[in-house]
Amino acid sequence: MSETVTGGAPASPAADAGKETEAAGTGASGKGTAKKSKLKLVIGALVGLLLVVGGITVVEKDKLFRNAGQKAHNVLHPPILLGIPTIVSNLDSGDGHAVYVKLTAKVEIEGATDEASLQNTIPEIQDIFQTYLHETRPQDIRGNGIYRLREAIIRRLRTDLAPLQVTNVYFVELLIQ
């Protein structure tokens, strides 16, 4: 026989049996409800994940197709390495002392069908090199200056040869007297 904590009268055995039956019934249906709610939560999470992935795919679809189109264009029209004849230029020494630079370069250009179509741009490219070199001091080229020289020339070539895309400049020979 069980007694309550407060010290009341002992409970009847018939009442205890009824409570156990109610608890057993509630426990079984409670487990089923918990399983259904977990299943609904998992399904909801999967649907949400599918919606997010689908949304990202729709947004990025244009980028994916553009990259594929760019790769196909590069295969059909590879970049052209245009050789620039040797340039001899004097640098801005500031003190009247002549300092010469000898430069041979190759320019990588995209957007042209063949090298023959770029032959008329060689004088313009040489002028860009000459103009920049006349403005440059000898100490500007030493050390990391060659990298800055390359970047400045690429920037100028991109603006002056606008429909064409200048992707790189390679220095084949660079001598400073």
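We did not get these values from a lab; they are worked out from the coordinates using the rules stated. In this text, all values refer to a predicted model and were calculated from it rather than measured experimentally. Please note: Cβ atoms are built from the backbone with ideal geometry, for glycine as well, and neighbour counts cover all protein chains shown.
Applying the Karplus relation 6.51 cos²θ - 1.76 cosθ + 1.60 with θ = phi - 60° to segment 93-100 yields 3J(HN,Hα) values of 7, x, 10, x, 6, 6, 10, 9 Hz, where x marks Gly and Pro.
Using θ = phi - 60° in the Karplus curve 6.51 cos²θ - 1.76 cosθ + 1.60, the 3J(HN,Hα) couplings for segment 56-63 round to 5, 5, 5, 5, 8, 4, 4, 5 Hz; x is entered for Gly and Pro. The residues packed around GLN130, meaning those with a beta-carbon under 14 Å from its beta-carbon, carry a net charge of -3 if Lys and Arg are +1 and Asp and Glu are -1. Taking 0.36 nm per residue of separation and subtracting the current Cα-Cα distance, fully stretching the chain between VAL47 and LEU81 would add 7.1 nm.
When ARG142, ARG148 are arranged by Cβ crowding within 10 Å, least crowded first, meaning fewest neighbours, the order is ARG142, ARG148.
Got the relative contact order for segment 80-176 handy, in percent, Cα pairs under 8 Å and 6 or more residues apart?
Working: 147 pairs, mean separation 38.4, N = 97.
So the answer I get is 40 percent.
Taken along the Cα-to-beta-carbon direction at a fixed 7 Å, the label points for LEU39 and GLU115 span 7.1 nm.
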